[in-house]
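Comments concern the structure below.
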Amino acid sequence: MVKIKSNTDGFRGINPVVTMGMFDGVHKGHEALLSLLVKKARESEGESVVLTFWPHPRIILEQDPGNLRLLTTLEEKTFLLSDAGVDHIIILPFTKELSRLPAEEFIKQYLLGKIGMKHLVAGYNHRFGHGGITKAQLKELSERYHFGIDFFGPTLVGGVKPSSTTIRKLIADGDVWEASKLLGRFYSLKGRIVGGRRLGREIGYPTANIKMEDPLKLIPHDGVYACRVHLLGQYFGGMINIGGRPTVDGDSGPKSLEVHIFDFSREAYAEEITVEFIKRTRPEIKFPNLEALKEKLKKDEADVRMILKNSSIL
């Protein structure tokens, strides 16, 4: 069972094999690196260690934190890293003091001094320490301080290098289907169901209004999406609308996340809900009246049910 620590104090591990990074999204590239990490640890009869950081450095260093959006919350990231089969996860608090530490000092103080690292698995484009460090410099440090090193990657998925930046852009553009290929799973949002105006019920399409749990979580581009919903211990198909509800609230309405859950008729206010985004079916549209909206929703439902059927989602 994975052991999770919120700092490096008192860490104990057997012949630790370490990798480190933000691991936002824990995508297919990360998964391949973690697989190598676990393999190297087993070969050396050691234990695999993932060192990650929180909060995100951009928040601490005040690098446009207002526009920062992440693929995974800390809870989601920790779960996905645990699911990769590693032995230890260390969530190191990121501070301004830490950001000023040169790579060599970080290796000496943290990786060697506190973790006792025997081997480092480094991503091909991972840079750390104040001012960064090159591959050649890192190799030289491994020889000087007597730890093994492997450089991993890049991995290709359909000819594309998975990266958190690439995946964020796809999702921000609404292309959740392509993003899912690089993630290795469907992108999801988690929140709680809150009360709404119940207008959807009046036109035959009741919706669950979702309040997000983490304001840093990236929300896909406005529009209608086919989705899978996890609610009350069960999975359902559904369609979710993201946007300002222009037909009802005009062009300046607040952004909302409203999901119509197929074959579900229970009250579920305040319940936790997870929505997995399968595919965007259309942009948000302003209709002349509610009747036109209702007719379009019928077409949306038929399109979404076909997507779910063809994709064998449920």
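Scanning segment 10-64 for residues that are farther than 17 Å from Glu76 by Cα, of a type in the set (Asp, Glu) and in a loop (DSSP other than H, G, I, E, B) turns up Glu45, Glu47, Glu62, Asp64. Pairs meeting the criteria (first residue in segment 43-68 and closer than 15 Å to Asp24 by Cβ, second residue among the small types (Gly, Ala, Ser), beta carbons under 6 Å, at least 6 apart or on different chains) are lacking. Among the criteria (1) of a type in the set (Asp, Glu); (2) more than 22 Å from Ile107 (Cα to Cα); (3) buried (at least 18 other Cβ atoms within 10 Å of the Cβ), the one Asp64 does not fulfil is (3).
Within segment 235-244, the set of residues being under 18 Å from Glu267 (Cα atoms) and either free of Cβ contacts under 8 Å to residues at least 40 places away in the same chain or not in a strand (DSSP E or B) (or both) comprises Ile240 only. Tell me yes or no: at least one residue of segment 55-71 is more than 17 Å from the chain's Cα centre (by Cα) and at positive phi. Within segment 55-71, one or more residues are more than 17 Å from the chain's Cα centre (by Cα) and at positive phi. Taken over segment 272-294, the criterion of being loosely packed, with under 13 Cβ neighbours inside 10 Å and of a type in the set (D, E, K, R) is satisfied by Glu291 alone. Of the residues examined, Glu104 is one that is surrounded by 15 or more Cβ atoms within 10 Å (Cβ to Cβ) and either more than 20 Å from Val50 (Cβ to Cβ) or outside the structural domain of Met22 (by TED's automatic domain parsing) (or both). Residues in segment 91-122 that are over 19 Å from Phe151 (Cα atoms) and assigned to a strand (DSSP E or B): Ile91, Leu92, Pro93. For segment 213-234, give me the residue count where each residue is more than 13 Å from Val259 (Cα to Cα), in contact with a Leu (Cβ under 7 Å, 6 or more places away or on another chain) and assigned to a strand (DSSP E or B). Residues in segment 213-234 being more than 13 Å from Val259 (Cα to Cα), in contact with a Leu (Cβ under 7 Å, 6 or more places away or on another chain) and assigned to a strand (DSSP E or B): 1 in total.
The values are calculated or read from the model by the stated rules, or taken from the named source; none is laboratory data. Bear in mind that the values here come from a model prediction, so they are computed numbers and not experimental data. Neighbour counts run over all protein chains shown; Cβ positions are idealised from the backbone, glycine included.
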